[in-house]
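*Asks:* One structure, as structure tokens, below. Some questions next.
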Amino acid sequence: MAQLIEVKNLHTSFFTPDGEVKAVDGVSLEIEEGKTLGLVGESGCGKSVTALSIMRLVPSPPGKVVGGEILYRGRDLLKLDGEAMRKIRGNEISMIFQEPMTSLNPVFTIGNQIGEAIRLHQGLGRKETREKTIEMLRLVKIADPEQRIDDYPHQLSGGMRQRVMIAMALSCNPSLLIADEPTTALDVTIQAQILELMKELQQ
């Protein structure tokens, strides 16, 4: 089976007043289509920075990918210009972030936030975007999606906010989904539901 993504000898550093901090130091991995790969390690070992490096979202300054290759379907993401990367990010490669409350914008409804990605990457009109957004909320098992679409993040529980993040990440049917500890802030029952949901969606 073809490799979907291949990371070769990735090095990402943060340049601080005290010197260089090597957050990712020579990571290599590969993932085939339809497969799951889990990165395991203690807090601060570079798991999140590896994910952000693949997405080209490392805050710069102070961070910088200083070496290696990230080959997605044979194209090195590190060599793409900003415009080409924006077309891939959120469309072909999506990410579910660790803390939904900091990733969702408090002043926009969840419908607006999911719909923005759909409009941007799929070019749908307002009505079709709303219908697709409701469909995504239903997919991640949010009850009454026709009403919830107009809610703001603070009106939702932690578990529901995380489901919104998953709906947003999946809204453009990405080939690669990166999940950065997507169940950290949730209770055990909701954790199990979210992981089960992600397994179902993968199939």
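The values are calculated or read from the model by the stated rules, or taken from the named source; none is laboratory data. Here the structure is a predicted model, which is why all the values come from computation and not from measurement. Every residue, glycine among them, receives a Cβ derived from its backbone with ideal geometry; neighbour counts consider all protein chains shown.
*Asks:* Is there a residue in the stretch 169-177 that is farther than 25 Å from Thr50 by Cβ and either crowded, with 16+ Cβ neighbours inside 10 Å or charged (D, E, K, R) (or both)? Before the answer, list the steps.
*Replies:* As a first pass, look at the stretch 169-177 and keep what is farther than 25 Å from Thr50 by Cβ: none.
The answer is no, given that none of the residues of the stretch 169-177 is farther than 25 Å from Thr50 by Cβ and either crowded, with 16+ Cβ neighbours inside 10 Å or charged (D, E, K, R) (or both).
*Asks:* Here's a follow-up. Which pairs have Cβ atoms under 9 Å, sit 6 or more apart or on different chains, and link a residue in the stretch 176-203 that is without any contact (Cβ under 8 Å) to a residue 40 or more places away in the chain and over 11 Å from Gly159 (Cβ atoms) to one that is part of a helix (DSSP H, G or I) and β-branched (Val, Ile, Thr)?
*Replies:* Met198/Ile166
*Asks:* Give me the helices (runs of 4 or more DSSP H) completely within the stretch 8-106, filtered to those with at least 1 residues that are of a type in the set (D, E, K, R), ordered by residue number. Step through it out loud before you land on a result.
*Replies:* On the way: elements: 47-55, 82-88, 100-103.
Once the helices (runs of 4 or more DSSP H) in the stretch 8-106 are filtered for at least 1 residues that are of a type in the set (D, E, K, R), what remains is 47-55, 82-88.
Residues are listed down the side, and each one gets a yes or a no for (1) within 27 Å of Leu201 (Cβ to Cβ); (2) hydroxyl-bearing (Ser, Thr, Tyr); (3) within 16 Å of the chain's Cα centre (by Cα):
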| site | (1), (2), (3) |
| --- | --- |
| Ala23 | no, no, no |
| Thr50 | yes, yes, yes |
| Leu57 | yes, no, yes |
| Ser60 | no, yes, no |
| Val66 | no, no, no |
| Ile70 | yes, no, no |
| Gly74 | yes, no, no |
| Leu78 | no, no, no |
| Gly82 | no, no, no |
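*Asks:* Please state which one of Glu99, Glu69 is acidic (Asp, Glu) and assigned by TED's automatic domain parsing to the domain that holds Val140.
*Replies:* Values: Glu69 fails: assigned by TED's automatic domain parsing to the domain that holds Val140.
Among Glu99, Glu69, only Glu99 is acidic (Asp, Glu) and assigned by TED's automatic domain parsing to the domain that holds Val140.
*Asks:* Looking only at helices (runs of 4 or more DSSP H) that lie completely in the stretch 109-169, which have at least 1 residues being of a type in the set (Ser, Thr, Tyr)? Working first, answer last.
*Replies:* Values: elements: 110-122, 126-139, 145-148.
Here the list reads 126-139.
*Asks:* Condition first: more than 22 Å from Leu80 (Cβ to Cβ) and either surrounded by 14 or more Cβ atoms within 10 Å (Cβ to Cβ) or among the hydrophobic types (A, V, I, L, M, F, W, C) (or both). Now tell me which residues in the stretch 38-56 satisfy that.
*Replies:* From the stretch 38-56, those more than 22 Å from Leu80 (Cβ to Cβ) are 38-47; that's our starting set.
Correct list: Leu39, Val40, Cys45, Gly46, Lys47.
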